[in-house]
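Here's the structure, in structure tokens; my notes come after.
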Amino acid sequence: METVQAAALPDGIRELPIVAGDLALDFANTVDDPLGPLRHDHVADYRGLLVWARRTGVLTEGGELLRSAEANRRGAATVVRRAESLRTAINLTFGALVDGVPPDEGWRQLRPFVTDAIGQARIQDGRPGWEYTELAAPLWPVAHAAYELLTGDERRRIKRCAGCPWLFLDQSKNNSRRWCSMEICGLNEKMRRYTTRRAERRLR
Ligand SMILES: [Zn+2]
């Protein structure tokens, strides 16, 4: 079986960190460095979507879908636009929860994706699942994961990073996680504090 490989990333752009601890939130976080100079949308084309789906375990190979996308570029472009709408819906929904407001608008946007995902599910090994033969298929488990997160107990553990807009599931025992990743935003914050302290010392 042919597997989908990532195309080379532009200079200075890193491989997307997968740090949220939940499939739907990881999909919400597919724009890396969202407010910074190295902003990069990792699912801005269909290949990127497949690479992400492989990295997160949604797909095991994806070669067939890539060939379908190359044969049907318009269809693939439609799925990429839908992926962007799904990402917006997930960010709106769970962003509202984090902010302590009811996620009405997020749910209005998310609901058709969830309905579509359930509508496409077929029994596999005794439970509903998906066959990855249609271009839109990688979006179904993401939408379903969003619904499960929204309806389950884990929703209380959703947080927004203290240094960037990324969302994550805090699975620490004492509910103390603050950063999407210590290596990304945690270190930035440490550096910022360090330089502020140094600047203060110099002023004394
Ligand atoms: Zn962050």
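The values are calculated or read from the model by the stated rules, or taken from the named source; none is laboratory data. These numbers were taken from a predicted model, which means no experiment stands behind them. Note that we place each Cβ from the backbone using ideal geometry, even for glycine, and neighbour counts take in every protein chain shown. The accessibility values were calculated without ligands, DNA or RNA, using every heavy atom of the protein model including side chains. Shrake-Rupley method; radii C 1.70, N 1.55, O 1.52, S 1.80 Å.
Below, the figures for the structure above:
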read-out	value
Scan of the stretch 189-204 for residues that are among the charged types (D, E, K, R), without any contact (Cβ under 8 Å) to a residue 24 or more places away in the chain and within 15 Å of the ligand (Cβ to nearest atom), ordered by number	Lys190, Arg192
Members of the stretch 163-174 that are within 11 Å of the ligand (Cβ to nearest atom) and assigned to a loop (DSSP other than H, G, I, E, B)	Gly163, Cys164, Pro165, Trp166
Residue list for the stretch 161-174, restricted to those being more than 13 Å from the chain's Cα centre (by Cα) and open to solvent by 20 Å² or more (accessible area, probe 1.4 Å)	Ala162, Gly163, Cys164, Gln171, Ser172, Lys173, Asn174
Residues (of a type outside the set (Phe, Trp, Tyr) and under 21 Å from Asp26 (Cβ atoms)) located in the stretch 122-147	Gly129, Leu135, Ala136, Ala137, Pro138, Leu139, Pro141, Val142, Ala143, His144, Ala145, Ala146
Of residues in the stretch 175-188 being in a loop (DSSP other than H, G, I, E, B) and open to solvent by less than 70 Å² (accessible area, probe 1.4 Å), the one nearest to the ligand (Cβ to nearest atom)	Cys180
Residue identified as of a type outside the set (Ser, Thr, Tyr), under 25 Å from Ser172 (Cα atoms), in contact with a Pro (Cβ under 9 Å, 6 or more places away or on another chain) and at pLDDT 95 or above among Val31, Val19	Val31
Boolean, Gly106 is part of a helix (DSSP H, G or I), at pLDDT below 95 and surrounded by 11 or more Cβ atoms within 10 Å (Cβ to Cβ)	no
